[in-house]
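No value in this document is a laboratory result; all are computed from the given coordinates. Computed from a predicted structure; not experimentally measured. Here the Cβ positions follow ideal geometry from the backbone for every residue, glycine too, while neighbour counts run over all protein chains shown.
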Amino acid sequence: MTTTVAEEPWDSADGVLLRDAMQAELAVRYDMPDQETDKPTAETVSVFLVARDQEGAAIGCGALRLLEDGTAEFKRMYVDPEARGTGAATGILRALEDHARQRGADTVVLSTGIKQPDAIRFYGREGYQLFDGYGPYVGHPMARCFTRRLG
């Protein structure tokens, strides 16, 4: 499957639909509504990307938020279940890494959850290392945090 990844406005219709689908999936996995306290917004993300299949359908997304000291955080990484395994997630991840480098970041951090073993395997396979956490995720029992130095 051919996938394209491009920047879109945070509040684009497809972006909202993808983020809503992600929240619905997580609510089922964790049997609770979204507990995140530091939610990304149009004002706090530097770039929002949407992946599209060859027909132009939105199949995934991801956002980049710049933190302090040359660190970037990836937020809202999501791929529609029907498009998983197609390379869309890797395409989004690599594009986010490129955008982070362009904005001067040398390190990336991200958080996923203990009930997302597919995401945990994905980040490990893509060269990300587990670490103790950052910001609101330090010591959080449901969080699994990853980091990677950008070369």
Please go through the stretch 47-85 and pick out each residue that is more than 18 Å from Asp14 (Cα to Cα), in contact with a helix residue (DSSP H, G or I) (Cβ under 7 Å, 6 or more places away or on another chain) and of a type in the set (Gly, Ala, Ser). Ala72
Pairing a residue in the stretch 85-106 that is of a type in the set (Phe, Trp, Tyr) with any residue that is part of a loop (DSSP other than H, G, I, E, B) and surrounded by fewer than 19 Cβ atoms within 10 Å (Cβ to Cβ), where Cβ atoms lie under 7 Å and the two sit 6 or more apart in sequence or on different chains, gives none
